[in-house]
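The values are calculated or read from the model by the stated rules, or taken from the named source; none is laboratory data. Only a predicted model underlies this, so the values are computations on that prediction, with no experimental measurement involved. Note: ideal-geometry Cβ built from the backbone for every residue, glycine included; neighbour counts use all protein chains shown.
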Amino acid sequence: MFVIILLLLSNLLIQTQSGASTVVIDPNTFSFVTFTPESCTNGELLCMGSATAGNGYLSLTPEPQQSGNSSSLLSNTTNNVGRVLYPLPVNVWPAIISTTFTVRITPFSENSTGSGDGMALVFAQDNRPSPNASYGSYLGMFDQSTQGGGFQQIAVEMDTFMNEFDLDGNHIGIVTTSITNPLASESLNSSGIDLKSGRDIEVKIDYDGWSKMIFVSVGYSESQLKSVLNHSINLPDIVPSSIYVGFTASTGNTFPESHQVLNWVFTSVPLPILSAEHTKVGTIKTILVVVAVCLFPFIWIAASLRRRYTRAKKKGDIESLSKKAADIAEVFTYKQLSRATCNFSQENLLGRGAFGSVYKGIILDSGKTVAVKKISATSKQGEREFLAEICTIGRLRHKNLVKLQGWCSEGNNLLLVYDYMQNGSLDHFIGKGSLNWQTRHKILTGLASALLYLHEECGNPFVHRDVKPNNVMLDSNHDAHLGDFGLARLLKNEGSVTTNLNGTLGYLAPELSFTGRATPESDVYSFGMVVLEVTCGKRLNWLKQGNSFVDSVWNLHSQNALLECVDQRLENKFDEEEAKRALMVGLACMHPDSLFRPRMRKVVNIFQNPNEPLMELPGVRPTGVYVSVSSSTSASNSSSRGELQIQSSTKSSDGKFNYV
């Protein structure tokens, strides 16, 4: 028994030490839908060597010049090196990384098989230019003096010239400190992709920080991507955790070629790290275990008393909160809800969430069909969600909100009872084509009305903080009902709520990563993503897609072809003006500057009134994240908002800095 107690206490201390030393870094994400001639001069990018920017592309090496003197042409375009870097460092480990870009490599001479040399995506330790003599086969990464060590970097090369040490003149490789000894390489000949075809080629590179694997996929822009290279790599052994990312390219003294980048999206989602030193922790654990065993009888008594006090306090809190939520119809017993759900049988299971499961049930006394959420008994966050639901949805009443019918708290059993929604959640319908346009428009209008009520009409405004299709329930008439208020917070008089970064990637407003302050505007951003998903008939998969889904809609908007992204499963059976207005609302709601997002009242007016003027949209997607700061004077109860000016990736025309 004594040994068992010792082991249990040791394990408890290990968990406590590990949990206390967890560090999480903010995510990094940026997107360049296209490039302009100013991209190299306005602070968006660091362009070095022969790199320049044009209308719609970056040129890493010089373009061919119209000249009758062929020798002059070759002298200007051979032995060139260009490097373009994102101007701010990004965190690459521990992290899940996904980047997608489009390149175009074109030989100057048609049908040339000897042009070179290629280009690479590079993770570099600093933002210095490429070494002076890194032209030719070195691809701007290193030269004879630096090859083999001296600095930390990793690159995915697209090699177009066959040297004596290469597979061929059309391959992908992973390079660190030696161009002659890559970590891995794979020919593209079998995939049917020719790097120097002059066609637009999309490249997708993913790194999984859990499995330490890198995945490279390549394909022509109009075709599906093909996985061409997977390799195990431990980034901490190769590069610092904070690096500079960008592109390099070079030409040699043979026939030159141009190397262009047409667009670029990058996302790095950090993973938790442990900051404690293991040796010191091990010594401390040993000492603490010995002390804890000696004090075990006293600890046991104190813990028992604390458990009793906590249970009593929690019960008191719940009873107090339920009294405040005066509209709750009923307090159920666990026995009632167990019978209603046939003892929470698998046949009645409707779905599982982060903190529990939802079951269909029939209350025997009334015959009413309900949905019963059973909070996980081991989830502390689930307890907080339970209390949050009682505090918020328990007293809110709106036709487009899920109605809370009652609750149950017996021992460790925490249950919430809602109206049953016959058609489940909205996410089950997106991408299936089973909803016609009129129904989709009605759903979006209802969701907008629910958010307007929360933000402006319910007395004490709330932010929902987790607006997404999974939390939009549909009744038998496919009317929308917003639910899952476990993350909702009362705004009171502050206008925002400072919280931990909760929510779902892709639906989180970009400023939340920097401020941690949830606002009505951050709900508006999430709503915008739902609008795009419902209208386009596509589900967001942030880890795989990053910003590419939203970028594709912006691209069509910039081409005045916005209706092309409407769900093709509708077979053109939709109101074109309504669909176009909905898409423009979605894009406006997702503006990176929260001050430019419309209020939900404006959104509701647009959906309900075809004559309501639309907000103005920029021609291309704004890049960057704008962070607004608030200052208030308690004496006057007045507040003012300003924009935090921090050095960043882009600088807008009005002189304000933004950052990604």
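List every residue pair whose Cβ atoms sit under 9 Å apart, with the two residues 6 or more apart in sequence or on different chains, where the first one lies in the stretch 510-523 and is more than 23 Å from Asn460 (Cα to Cα) and the second, anywhere, is among the basic types (Lys, Arg).
Sorted first by the residue in the stretch 510-523, then by its partner, the pairs are Glu511/Arg517.
Is it the case that some residue within the stretch 435-453 is out of contact with any Ser or Thr (no Cβ under 6 Å at 6 or more places or on another chain) and assigned to a loop (DSSP other than H, G, I, E, B)?
Within the stretch 435-453, one or more residues are out of contact with any Ser or Thr (no Cβ under 6 Å at 6 or more places or on another chain) and assigned to a loop (DSSP other than H, G, I, E, B).
Kindly indicate whether any position in the stretch 483-500 is at pLDDT 80 or above, closer than 23 Å to Leu587 by Cβ, surrounded by 21 or more Cβ atoms within 10 Å (Cβ to Cβ) and in the same structural domain as Lys442 (by TED's automatic domain parsing).
no
Is it the case that some residue within the stretch 565-576 is of a type in the set (Val, Ile, Thr), touching a Cys at 6+ places or on another chain (Cβ under 8 Å) and in a loop (DSSP other than H, G, I, E, B)?
Yes, that holds for at least one residue.
Give me the strands (runs of 3 or more DSSP E) completely within the stretch 7-116, filtered to those with at least 2 residues that are modelled with pLDDT of 80 or more and within 30 Å of Ala133 (Cβ to Cβ), ordered by residue number.
In the stretch 7-116, the matching strands (runs of 3 or more DSSP E) lie at 46-49, 52-54, 57-59, 81-85, 95-107.
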